[in-house]
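In what follows, a single structure is set out as structure tokens and then discussed.
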Amino acid sequence: MIIRSADFDTSATDISACPRPGLPEFAFIGRSNVGKSSLLNLLAGRKALAKISSRPGHTQLLNFFTINGTWRIVDMPGYGYVRLPKGTRDRFADIITGFLTGRTAIRRVFVLLDSRLEPQRIDLEFVGWLAECGVPYVLVFTKTDKLKPSGVARNVAAFADALREWTTEQPQVFTCSAETGAGRGELLSFIGSLL
Ligand code: GTP
Ligand code: MG
């Protein structure tokens, strides 16, 4: 897929402020700092479309971007950011669950996972919850430039293995690096196949 345009639409602080559903949407979610905004910029081919921060908890709203005028990426706040005040965390959780289970335009949720880490309980729980709700999702392992391919393969396999305790589904898996651009072509083809 060739990216001809990538435009920021809007930031929504709650469900009612989201754009009218219409175009197919791909939602990016995962723990704070996992690389959601960086992956969006990589796919869009734009360095600064979404704000990137080394400070976790940067993306605090649902951010909508329209690509090629035909589909959307939704950059979501990271889950599990413990340093936010409890009230804010609860509000985020409500927005995330409401959006993911209620938004008819969602074609796939991309669950981003840090390829450097062994399976984390918070990620397994989240994926288990998505499966239980019947939300269509795939796994995307990020930051693969940070370790050897064998290390990536080991952590991907370990996650798939651990996930068996949470769901019988075997989700599709992608790997990527916003640093080297690895995985961009595969992810864009995948999105193209769903449009
Ligand atoms: P929140 O919005 O806070 O939840 O974070 P996020 O998931 O959107 O992460 P973001 O894209 O802001 O990236 C967090 C940090 O990880 C930044 O310092 C990025 O430069 C870095 N980063 C993201 N992707 C990669 C990658 O593929 N490789 C490397 N080496 N660093 C990355
Ligand atoms: Mg972000």
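The values are calculated or read from the model by the stated rules, or taken from the named source; none is laboratory data. In this text, all values refer to a predicted model and were calculated from it rather than measured experimentally. When we count neighbours, we look across all protein chains shown, and the Cβ atoms used for this are built from the backbone with ideal geometry, even at glycine.
The table below lists the values:
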| item | result |
| --- | --- |
| Any hit, the range 79-100, residues being surrounded by 13 or more Cβ atoms within 10 Å (Cβ to Cβ), touching a Phe, Trp or Tyr at 6+ places or on another chain (Cβ under 7 Å) and not in a helix (DSSP H, G or I) | yes |
| Filtered residues of the range 159-180 (kept if within 19 Å of THR142 (Cα to Cα), surrounded by 13 or more Cβ atoms within 10 Å (Cβ to Cβ) and more than 16 Å from the chain's Cα centre (by Cα)) | PHE159, ALA160, ALA162, LEU163, GLU179 |
| Scan of the range 171-195 for residues that are out of contact with any helix residue (DSSP H, G or I) (no Cβ under 7 Å at 6 or more places or on another chain) and more than 19 Å from ALA50 (Cβ to Cβ), ordered by number | PRO171, GLN172, GLY185, GLU186, SER189, PHE190, GLY192, SER193, LEU194, LEU195 |
| Residue list for the range 101-124, filter: part of a helix (DSSP H, G or I), surrounded by 13 or more Cβ atoms within 10 Å (Cβ to Cβ) and away from ligand 1 (no atom under 15 Å from the Cβ) | THR101, LEU124 |
| Residue that is farthest from the chain's Cα centre (by Cα) [pool: residues in the range 84-123 that are among the acidic types (Asp, Glu) and modelled with pLDDT under 85] | ASP90 |
| Looking only at the range 33-61, and only at residues there that are outside any helix (DSSP H, G or I), near ligand 1 (Cβ under 6 Å from one of its atoms) and modelled with pLDDT of 85 or more, the one that is farthest from ILE122 (Cα to Cα) | GLY35 |
| Pairs where the first residue, in the range 126-147, is within 20 Å of PHE190 (Cα to Cα) and the second is part of a helix (DSSP H, G or I) and within 16 Å of ligand 2 (Cβ to nearest atom), C-beta under 9 Å, 6+ apart | VAL140/LEU39; THR142/LYS36; THR142/SER38; THR142/LEU39; LYS143/SER38 |
| Restricting the range 16-30 to residues that are outside any loop (DSSP other than H, G, I, E, B) and under 18 Å from the mean Cα position of the chain (by Cα), the residue that is farthest from SER193 (Cα to Cα) | GLY30 |
